[in-house]
Amino acid sequence: MNRKAVAGKAAKGAAAPSRLQSELAARILRLLKEQGSGPGYHLVELDLCEHFGVSRTPIRGALKILAAQGAVEARANRGFVLREPITAAPTSAPVNLQDEEDKRLFIAIAKARNTGDLPAECTQQEIVRLFDVKLSTVVRVLRQLAELGLVERKAGNGWSFNSSIDSEAAQAESYAFRNVIEPAALLQPTFKLDRAWLRESRARHLAFQRKRWRPVMAVEFYEMNSDFHEQLARCSGNRYFLSVVQQQNQLRSFLNFHWIHGVGRVLASIEEHVAIMDALETGDNEYAAALMRSHLGSSKTAYRPLNQSEFGSTAESRKRAASA
């Protein structure tokens, strides 16, 4: 088999880009456009990791997507460089981020983890059987969850889910902690607002607000929501504020994927986020911090308590059935 045939075979068998990789590819294009980067501009992986708060694996995947699209090219010993100035960048996530099948499985896994239907350790085949989905979908979603730090591959064939908020007490403690940390981040003397991000985030919020709500949109809402809180922590200029907000985002992932709080809370949250952004844009960080405390308080009040009927209920019912 010649080299061209081997390359073609490898490309055909390559895994499809993950949700996170596709989103990052779009965000990198927007960043390059905002910066006015020119031909030959070197895209440094470590800088992109720090800017977007992710590991190298999804960044490399995003750069490969851009290389396949012809926006950047790989050069020996230099990584990826920009081919031409970016004159137009997507204002929303690429089409594959809207993949209904992946999102349905995201939400189903979150719900099953919350109710106890899915144990902390399982195999791909167990997920296939439990949710009646294709193995390729399971592999793709588990890879995306791994990039988000929600699961880890075990030695052999299994997967292990990482810690998450799994009780009413843990949820209350999370809100109490965030109510101290997140407003304080906005008041740091090192706080420097990323205005390019703010414009992009406000547009993203307003566009989402106009969409007709469907359950699968919980995944997109969580991504937008977590990006909002994380980027404000990054603007604080303090690595420790950023680290703890990223950790909180990760811990509450499954609670948000499995959205049970209604569309009204979605729309209210968007309005509260936009109000915070408006205050920051005018330089009134004190008011923004007060709005952040109000936002977290409203969220805590609106969220239904995680009682026994919502956490571990199915696992308990199975246990009772087995003993009957």
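The values are calculated or read from the model by the stated rules, or taken from the named source; none is laboratory data. Small disclaimer: the values here were computed from a predicted structure and weren't measured. Please note: Cβ atoms are built from the backbone with ideal geometry, for glycine as well, and neighbour counts cover all protein chains shown.
Let's see how each residue does on (1) at pLDDT below 85; (2) crowded, with 17+ Cβ neighbours inside 10 Å; (3) closer than 24 Å to W159 by Cβ:
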residue: G8; (1), (2), (3): yes, no, no
residue: A16; (1), (2), (3): yes, no, yes
residue: L31; (1), (2), (3): no, yes, no
residue: G36; (1), (2), (3): no, no, no
residue: G53; (1), (2), (3): yes, yes, yes
residue: A89; (1), (2), (3): yes, no, no
residue: Q98; (1), (2), (3): yes, no, no
Please name all residue pairs, on different chains or six or more residues apart, with Cβ atoms under 8 Å, provided the first residue is in region 151-162 and is assigned by TED's automatic domain parsing to the domain that holds R113 and within 13 Å of L118 (Cβ to Cβ) and the second residue is loosely packed, with under 14 Cβ neighbours inside 10 Å and of a type in the set (S, T, Y). V151/S160
For V219, state whether it is within 21 Å of S174 (Cβ to Cβ), within 15 Å of the chain's Cα centre (by Cα), in a helix (DSSP H, G or I) and not assigned by TED's automatic domain parsing to the domain that holds L148. yes
Does D227 satisfy the criteria of being touching a residue at least 12 places away in the same chain (Cβ under 8 Å) and either surrounded by fewer than 17 Cβ atoms within 10 Å (Cβ to Cβ) or over 16 Å from the mean Cα position of the chain (by Cα) (or both)? no
From R143, R195, grab the single residue that is among the basic types (K, R) and either surrounded by 15 or more Cβ atoms within 10 Å (Cβ to Cβ) or over 30 Å from Q35 (Cβ atoms) (or both). R143
Could you please tell me which pairs satisfy a Cβ distance under 8 Å, a separation of 6+ or placement on different chains, a first residue in region 199-215 that is over 14 Å from N225 (Cβ atoms) and touching a residue at least 12 places away in the same chain (Cβ under 8 Å), and a second residue that is of a type in the set (D, E, K, R) and in a helix (DSSP H, G or I)? E200/R30
When F241 is evaluated against the numbered criteria (1) buried (at least 17 other Cβ atoms within 10 Å of the Cβ); (2) more than 27 Å from P58 (Cα to Cα), which criterion, by number, is the only one it fails? (2)
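Every residue, every condition in (1) outside any strand (DSSP E or B); (2) of a type in the set (A, V, I, L, M, F, W, C); (3) on the phi < 0 side of the Ramachandran plot, yes or no:
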site	(1), (2), (3)
L118	yes, yes, yes
V139	yes, yes, yes
L142	yes, yes, yes
G149	yes, no, no
A155	yes, yes, yes
P183	yes, no, yes
P189	yes, no, yes
Residues in region 201-212: is at least one assigned by TED's automatic domain parsing to the domain that holds N285, touching a Cys at 6+ places or on another chain (Cβ under 7 Å) and either part of a helix (DSSP H, G or I) or within 17 Å of D278 (Cα to Cα) (or both)? no
Scan (1) crowded, with 19+ Cβ neighbours inside 10 Å; (2) closer than 29 Å to Q35 by Cα for the single condition A218 breaks and write down its number. (2)
Name the residues in region 236-264 that are touching a Phe, Trp or Tyr at 6+ places or on another chain (Cβ under 9 Å) and among the hydrophobic types (A, V, I, L, M, F, W, C), would you? V244, F254, L255, F257, W259, I260, V263
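Return the only residue of S236, S174 being in contact (Cβ under 8 Å) with a residue 24 or more places away in the chain and more than 26 Å from G264 (Cα to Cα). Can you show your working first?
Values: S174 fails: more than 26 Å from G264 (Cα to Cα).
Answer to the check: S236.
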